[in-house]
Amino acid sequence: MPQITFYKHDPIPLEMHKVRIVQKLNLLPTDERLQKIKDAGYNTFQLHNHDIFLDMLTDSGVNAMSDDMEAAMHRADDAYAGSESYFRMEKTLQEIFGIPYCMPAHQGRACENILATRFVKPGNCVIMNYHFTTAKAHITRVGGHVEELVKDEGLVSKSDLPFKGNIDLDKLEACIKKETPENVPFVRLEAGTNLIGGQPISYENMKAATNICKKYGILTVLDASLLQDNLYFIKTREEGMADKSVREITRMVADLFDIIYFSARKFGFARGGVLLVRDRDLYYSMEDLIPMFEGFLTYGGMSVREIEAMTVGFVESMDMNIISQGPQFVGYCVDCLDKYGIPVITPGSGLGAHLDAAEFVGHIPQEQYPAGALVCALYICSGVRGMERGTLSEERNADGSERMASMELVRLAFPRRVFTLSQTEYVIDRVKWLYDHRELVGGLRFVHEPKTLRFFTGVLEPVSDWPDKLAEAYKADFGPEQ
Ligand SMILES: Cc1ncc(COP(=O)(O)O)c(C=O)c1O
């Protein structure tokens, strides 16, 4: 859907849906929020949903479902083997992607486990435009390592480049030669590249990158978890694509890859995961891993109700009216923050608005987790829960030293069709307040640091009493109740 124009003012995002079921929200008073974030070990993953006003941690598994998705759940066909729900999903995915073999898994990281278990041997190198936390963790778990070759411009926070997720083609070829093709089990391209701010890859870049892989006989894998946003951006930003339908673009993209996997907590607006495999022998070489780790091949650890819902969600993801909602809301939020001079990743993506914490709280050293501190500060000052996507989300190097992230981001995800424009305005307003009081935010340090995926369960503490001082300043401006 192109942005609707208005008679009296500049365009704003216009919802192409109406809200029919709502959930009550709680906005705790500031002092209670202060206590809750302390109790959560300064880790927003550890907050309880009841204590959050607007949950912008992620879009994963929390997108609003449509009436058609809810309705489809009622015809779910429960069977250990041979569920009709699965066959309906398989047929729909075959129609959309044109790939014959379909393997269900309980979520995206389960697909990554299967890919790593099947293809990656100790010492192997998996090349990516950029890593995703769980994708990398599974590869390193089996002894492989990851090379990230996103173009340099992808790591520049302020930009007007339309496809910052593009892989550097020269570096890709050089890396394959250096590693030797035998040591590269697959190249993984991630649509809507999550950790650099949900930035898309162009069709042309995917085509050129997969051609290089073909030249060297290397398998090509697409992580399509954020494909719906990437499709929107290909259609609206890439030359020659405006006249093609979303389905046509999807098929053009799919035709480039040997394997496509995705988290259906994102793609499909439900909760699950799927691996699509083009080649029969390749499929046979992987199929036993599904019953071993997930469940029988016609449910893969998913509830059949979810399978029914996501099948409708896949079809809805081919509808420009539906997939434009995320990018248009994010774009609005990013543009408003940018106009206030707040460091935010531009251009806007589909996944969420990403604050550039390295600049926002540039006085906090990277080893004190500036993005982790900023996300806690925002919760104290608004009840909005975001997610740290920076050094805290990295794992330490083998020698125990910190691996500094190339970007320090606070992600404010926009679950699809969940928040209104006035809620978006509230977020913009509180981020602006925080930006004007940014010198009050201090660093964090670990009290309990898990070895793997430490950002999920780690416990931290502030390096000083900065959270109390920040809360005092906030209450002085807004009163204690908000
Ligand atoms: C790009 C990408 N790949 C993989 C995953 C993992 O999916 P899941 O959370 O369903 O395990 C995610 C989750 O956020 C993701 O964003």
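The values are calculated or read from the model by the stated rules, or taken from the named source; none is laboratory data. What you see is a predicted model, and the numbers here were worked out from it, not measured in a lab. All Cβ positions, even for glycine, are placed from backbone atoms using ideal geometry, and neighbour counts span all protein chains on display.
Of everything in the stretch 123-158 that is among the small types (G, A, S) and touching a strand residue (DSSP E or B) at 6+ places or on another chain (Cβ under 9 Å), the residue that is nearest to the ligand (Cβ to nearest atom) is A135. Considering each residue of the stretch 175-197, count those that are within 16 Å of the ligand (Cβ to nearest atom) and either out of contact with any helix residue (DSSP H, G or I) (no Cβ under 8 Å at 6 or more places or on another chain) or under 21 Å from A208 (Cβ atoms) (or both), and give that number. Within the stretch 175-197, residues that are within 16 Å of the ligand (Cβ to nearest atom) and either out of contact with any helix residue (DSSP H, G or I) (no Cβ under 8 Å at 6 or more places or on another chain) or under 21 Å from A208 (Cβ atoms) (or both) number 11.
Is it the case that the stretch 77-86 has a residue that's outside any helix (DSSP H, G or I) and in contact with a Leu (Cβ under 6 Å, 6 or more places away or on another chain)? Checked against the condition, which is being outside any helix (DSSP H, G or I) and in contact with a Leu (Cβ under 6 Å, 6 or more places away or on another chain), the stretch 77-86 yields no hits at all. Applying the condition of being in contact with a Lys or Arg (Cβ under 8 Å, 6 or more places away or on another chain) and of a type in the set (A, V, I, L, M, F, W, C) to the stretch 64-89 and asking which residue is nearest to the ligand (Cβ to nearest atom) yields A64.
Within the stretch 227-250, the only residue that satisfies the criterion of being within 16 Å of the ligand (Cβ to nearest atom) and acidic (D, E) is D229.
Could you check the stretch 342-392 and list, in sequence order, the residues that are among the β-branched types (V, I, T), part of a loop (DSSP other than H, G, I, E, B) and buried (at least 24 other Cβ atoms within 10 Å of the Cβ)? Once the filter is applied, which keeps residues that are among the β-branched types (V, I, T), part of a loop (DSSP other than H, G, I, E, B) and buried (at least 24 other Cβ atoms within 10 Å of the Cβ), the stretch 342-392 yields I345, V361, I364.
Applying the criterion of being outside any helix (DSSP H, G or I) and of a type in the set (S, T, Y) to the residues of the stretch 1-51, the residue that is surrounded by the fewest Cβ atoms within 10 Å (Cβ to Cβ) is Y7. The set of residues from the stretch 90-117 being touching a residue at least 40 places away in the same chain (Cβ under 8 Å), surrounded by 16 or more Cβ atoms within 10 Å (Cβ to Cβ) and either assigned to a loop (DSSP other than H, G, I, E, B) or more than 16 Å from the ligand (Cβ to nearest atom) (or both) comprises T92, L93, I96, F97, I99, Y101, C102, H106, Q107.
Based on this model, can you work out whether D168 counts as over 19 Å from I260 (Cβ atoms), without any contact (Cβ under 8 Å) to a residue 24 or more places away in the chain, touching a strand residue (DSSP E or B) at 6+ places or on another chain (Cβ under 8 Å) and away from the ligand (no atom under 16 Å from the Cβ)? The answer is yes for D168. When the criteria are applied in full, A224 meets the requirement of being within 15 Å of the ligand (Cβ to nearest atom) and out of contact with any Pro (no Cβ under 6 Å at 6 or more places or on another chain). Looking at M318, is it within 30 Å of I12 (Cβ to Cβ) and outside any helix (DSSP H, G or I)? Yes; evaluated as a whole, the condition is true for this residue. If you check E472, E449, E461 for being more than 20 Å from P370 (Cα to Cα), modelled with pLDDT of 95 or more and in the same structural domain as V361 (by TED's automatic domain parsing), only one passes: E472.
Take R430 and decide whether it is buried (at least 24 other Cβ atoms within 10 Å of the Cβ) and either within 27 Å of E15 (Cα to Cα) or out of contact with any strand residue (DSSP E or B) (no Cβ under 9 Å at 6 or more places or on another chain) (or both). Here the answer is no, as R430 does not meet what is asked. How about the stretch 258-275: which of its residues are among the small types (G, A, S) and within 9 Å of the ligand (Cβ to nearest atom)? Answer for the stretch 258-275, where residues must be among the small types (G, A, S) and within 9 Å of the ligand (Cβ to nearest atom): S263, A264, G272, G273. T140 meets the conditions (1) touching a helix residue (DSSP H, G or I) at 6+ places or on another chain (Cβ under 8 Å); (2) surrounded by fewer than 23 Cβ atoms within 10 Å (Cβ to Cβ); (3) among the polar types (S, T, N, Q); (4) farther than 22 Å from F360 by Cβ in every case but one. The failed one is (1).
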